[in-house]
Amino acid sequence: MNNIRIEATERSPEIDFNFEKNHFAMRGESYPEDVPAFFGPHLDALEQHLAGLSDGTVTFVFEMIYFNSTSAKVVMKLFDLLEETAERGVSVTVNWRYEEDDDNMEELGEEFGEDLEEATFKLVPVSD
Amino acid sequence: MLAKMQYEIRQALHDQGIVFCYSGYMTETILTGLGQAIKQKLTMEATDAKTIRGVFSVFVEQMQNVIRYSAEREPEPREERAATKESVLSYGLLTVGQEEGAYYVNCGNKIEIKDVARLDAQLSTIRDMDRLELKALYKQILKGEVPEGSKGAGVGFVDIARKATRPIEFDFIELDAQYAFFALKAYI
């Protein structure tokens, strides 16, 4: 599968999906005008790729500054996908990076992370 | 006369602590531009980062609610509720201001009378929830466990209530047989 590399814009995050290394990342702000149109194809590609894995290591980095409530549905979907992948025996690590003074982003990380049982979840405060 | 009239409007807004006011058709492009200006203004006032993020977040959810759900739009509303892109212009009124040391985002738009009861019930449920209940509802909606249209559903409203530092305020006035005006205010 071809790697996906999309630069961030003011309203959409950077998407960096490396399917060879199984390193995935989403960074920046997310409140695109049309959330399904922006994320749909990338989520489908990721879902298809992860479905084919039964061992190995997968890392997903979230480094979000802001996401709106519609984008939150996408984050939830990603967490579900990653947990399902871990349930099949893949070693999955999710790194939730947030600016250290951003209590809200930390709290959101905790909320999404608490549903992960098989996947490893790490909250990573980042200083400027 | 012209200047007097405009100045009176400006002064009336100013006297209420309103820093930003937009009344008219709302589009995603306007959302982007206004959002930038709001962030810039709050940063200049040396508002703390948490408050800026909160105001911005509530602003985005409020604007998107109007863009998607205002009943005052061109062309006329269609059966399906979500706006089909570009072709639709939704009318709304947004104010951002300061009151008793807190910022607020207040947004109003026309809705259909038949939607008042449902929206009132939804928002009352959300208003009366504590932080833990709001958090639980937010996750349930994201997971698709709360059917659309049921009490409290509407992840944007839940998000607004979570970012707000006081219970959300809202009400409705009847305009005619078909329409009501709805306003929602959140303090950050």
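Looking across segment B:173-188 at every residue that is open to solvent by less than 80 Å² (accessible area, probe 1.4 Å) and touching an Asp or Glu at 6+ places or on another chain (Cβ under 7 Å), the one that is farthest from the other protein chains (Cβ to nearest Cβ) is identified as B:Tyr179. Just one residue in the set A:Arg5, A:Arg11 is in contact with a strand residue (DSSP E or B) (Cβ under 8 Å, 6 or more places away or on another chain) and exposed (fewer than 13 other Cβ atoms within 10 Å of the Cβ); that residue is A:Arg5. Close contacts from segment A:10-26, counting a first residue that is within 14 Å of another protein chain (Cβ to nearest Cβ) and a second that is surrounded by 17 or more Cβ atoms within 10 Å (Cβ to Cβ) and assigned to a loop (DSSP other than H, G, I, E, B), with Cβ to Cβ under 7 Å and a gap of 6+ residues or different chains, come to A:Arg11/A:Tyr31; A:Arg11/A:Pro32; A:Ser12/A:Pro32. Of all residues in segment A:1-36, those satisfying the criterion of being outside any strand (DSSP E or B) and basic (Lys, Arg) are A:Arg11, A:Lys21. Taking the conditions (1) among the polar types (S, T, N, Q); (2) open to solvent by 30 Å² or more (accessible area, probe 1.4 Å); (3) modelled with pLDDT under 95; (4) assigned to a strand (DSSP E or B) in turn, B:Ser90 satisfies each one other than (2).
So that you can scan it fast, the table gives a plain yes or no per residue for (1) open to solvent by 20 Å² or more (accessible area, probe 1.4 Å); (2) closer than 25 Å to B:Val60 by Cβ; (3) in contact (Cβ under 8 Å) with a residue 24 or more places away in the chain; (4) within 13 Å of chain B (Cβ to nearest Cβ):
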{"position": "A:His42", "(1), (2), (3), (4)": "yes, yes, yes, no"}
{"position": "A:His49", "(1), (2), (3), (4)": "yes, no, yes, no"}
{"position": "A:Leu53", "(1), (2), (3), (4)": "yes, no, yes, no"}
{"position": "A:Gly56", "(1), (2), (3), (4)": "yes, no, yes, no"}
{"position": "A:Val75", "(1), (2), (3), (4)": "no, yes, yes, yes"}
{"position": "A:Glu84", "(1), (2), (3), (4)": "yes, no, yes, no"}
{"position": "A:Gly89", "(1), (2), (3), (4)": "yes, no, yes, no"}
{"position": "A:Met105", "(1), (2), (3), (4)": "no, yes, yes, yes"}
{"position": "A:Ala119", "(1), (2), (3), (4)": "no, no, yes, no"}
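The values are calculated or read from the model by the stated rules, or taken from the named source; none is laboratory data. Everything numeric here is computed off the predicted structure, so don't read it as measured data. For neighbour counting, all protein chains shown are included, and Cβ atoms are generated from backbone atoms with ideal geometry for every residue, glycine included. Ligands, DNA and RNA are excluded from the accessible area calculation, which covers all protein heavy atoms including side chains. Shrake-Rupley method; radii C 1.70, N 1.55, O 1.52, S 1.80 Å.
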